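Input: a single structure, listed below in structure tokens.
No lab work stands behind these numbers, since they all come straight from the coordinates. For clarity, every value in this text was computed on a predicted model and none was experimentally measured. Methodologically, a virtual Cβ is constructed for each residue, glycine included, from the backbone with ideal geometry; neighbour enumeration extends over all protein chains shown.
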Amino acid sequence: MPGYLNALGLICALGEGKQAVADALFAGDGSGMRAQDGWVTGRRLTVGAVSAELPPLPNGMQAAFSRNNQLLLAAALQIEAQIRAAIAQYGAARVGVVLGTSTSGIHEASQGIARFVDDGALPADYCYAQQEIAAPAIFLAEWLGLSGPAYCLSTACTSSARALLSAQRLLQQGVCDAVLCGGVDSLCRLTLNGFSALEAVAAERCNPFSLNRRGINIGEAAALFVMTRAPLSQAAAGAEPPIALLGGGASSDAHHISAPHPEGLGAQQAMRKALAAAGVAAEEIDYLNLHGTATQHNDAMESLAMQAVFPHGVPCSSTKPLSGHTLGAAGALEAAFCWLTLSAYNRDQRLPPHLWDGQADPQLPRLQLVEVHAAAARRPHRLMSNSFAFGGSNLSLILGALP
């Protein structure tokens with residue numbers, strides 16, 4: 001049973017809202033990726049920071065304050081009408097919340113702990129709950145007065161892709177009639193220093209699948225869908241035709257705590273399971289959003305996995321040079337890019353382009369990378385999005401436009 005993705009709110013380095021993000025995405029506008037100081041001592045790094053002014057938290061919810069929750073609220077406010085309509089139709093107990101995150105409110109928590117180290121006392125507004133992984137889901141459920149299941153998944157870079165798949169299962173099992181699902185992650189020094197310590201962060205804009213790739217850029221984002229068993233009216237959904245999560249596939253090869261399996265065996269398994277779950281053949285996929293982090297190991301294994309599953313090729317791109325790697329939000333954000341590709345917001349039927357220096361790594365299988373301003377050969381109907389994470393966690397989603 002597909003899960004209909006009736007509404008989408010999103011905010012990232014590409015912009016705020018569907019039309020702004022779509023315009024920048026299909027134009028290959030990477031201007032939101034900017035070099036900044038202050039994240040890692042002694043380094044100036046390119047990051048995908050959100051520049052839009054974020055909304056204040058609702059009255060009475062200041063204890064839940066974090067930039068992470070502000071990003072989530074910014075996305076939710078864009079589709080509040082559809083959310084409220086779903087609550088009115090199904091009831092507060094039948095609407096769930098499933099989100100992916102990795103940072104939650106750790107930025108604010110670490111600031112409080114730094115104050116404790118310096119002054120011997122925590123700030124008056126410090127709240128431990130800010131940094132709990134479930135904090136975004138609890139915040140959203142409390143703001144909306146929901147009493148259905150509300151939880152977060154944190155499996156590193158597959159977190160929010162798993163959230164979409166988990167939401168679909170809640171609908172399939174009859175636990176919920178509607179699920180608010182997606183992901184949110186904010187920039188913080190902890191993650192940037194962690195990836196820097198792994199020597200995985202590039203100072204310049206990332207360069208996926210290039211001979212000259214040097215690592216990732218970190219970004220921040222929130223992407224939120226309203227998923228139901230049946231499509232809402234086209235006027236309410238804001239997309240034409242109806243768009244659904246057709247299926248997904250997950251695997252866990254547990255090859256290494258941070259390095260992927262060198263041949264991408266778990267990635268292959270996830271893609272094949274997604275195709276089987278959606279009931280489509282590899283040849284029926286019109287576009288694939290690559291995980292494409294621009295690290296040596298990820299790009300090598302994903303190239304091999306793509307060659308194995310799509311031996312005849314498929315148009316594909318990594319959108320991380322446009323948005324940054326948004327970690328726990330990446331799976332939902334890149335599913336959102338697929339949603340935009342299928343929707344009326346894609347006026348010229350373009351595919352998300354691949355920004356790089358054009359210097360292919362001769363050691364890797366060649367991929368059919370989408371050029372900037374390239375239009376699809378035909379209107380895309382079925383799109384795949386890959387997400388791969390530490391610990392051998394792999395997940396692929398397939399979105400489709402249905403009659």
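If a residue has to be closer than 17 Å to D286 by Cβ, buried (at least 24 other Cβ atoms within 10 Å of the Cβ) and among the hydrophobic types (A, V, I, L, M, F, W, C) to count, how many in region 296-335 make the cut?
3
Can you tell me which residues in region 90-99 are out of contact with any strand residue (DSSP E or B) (no Cβ under 8 Å at 6 or more places or on another chain) and part of a helix (DSSP H, G or I)?
Within region 90-99, A92, A93 meet the criteria.
Somewhere in region 353-367, is a residue of a type in the set (F, W, Y), touching a strand residue (DSSP E or B) at 6+ places or on another chain (Cβ under 7 Å) and closer than 26 Å to L71 by Cα?
If we filter region 353-367 for residues that are of a type in the set (F, W, Y), which is where we start, we get 356.
Subset that is touching a strand residue (DSSP E or B) at 6+ places or on another chain (Cβ under 7 Å): 356.
Next cut, closer than 26 Å to L71 by Cα only: none.
No, region 353-367 contains no residue that is of a type in the set (F, W, Y), touching a strand residue (DSSP E or B) at 6+ places or on another chain (Cβ under 7 Å) and closer than 26 Å to L71 by Cα.
Yes/no matrix, rows are residues, columns are (1) assigned to a loop (DSSP other than H, G, I, E, B); (2) over 24 Å from C176 (Cα atoms); (3) among the aromatic types (F, W, Y):
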site	(1), (2), (3)
Y4	no, no, yes
A22	no, yes, no
S31	yes, yes, no
L54	yes, yes, no
N59	yes, yes, no
A81	no, no, no
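Quick grid of which residues meet (1) farther than 14 Å from A389 by Cα; (2) of a type in the set (G, A, S):
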{"site": "A308", "(1), (2)": "yes, yes"}
{"site": "S317", "(1), (2)": "yes, yes"}
{"site": "G331", "(1), (2)": "no, yes"}
{"site": "E334", "(1), (2)": "yes, no"}
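Do we find that A150 is under 16 Å from the mean Cα position of the chain (by Cα) and within 22 Å of G9 (Cα to Cα) in this structure? Before you say what the answer is, go through the steps one by one.
Values: under 16 Å from the mean Cα position of the chain (by Cα): no; within 22 Å of G9 (Cα to Cα): yes.
No: the conditions fail for A150.
Each row is one residue, and each column tells you yes or no for (1) among the small types (G, A, S); (2) in contact (Cβ under 8 Å) with a residue 40 or more places away in the chain.
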{"site": "P55", "(1), (2)": "no, no"}
{"site": "A64", "(1), (2)": "yes, yes"}
{"site": "L73", "(1), (2)": "no, yes"}
{"site": "R94", "(1), (2)": "no, yes"}
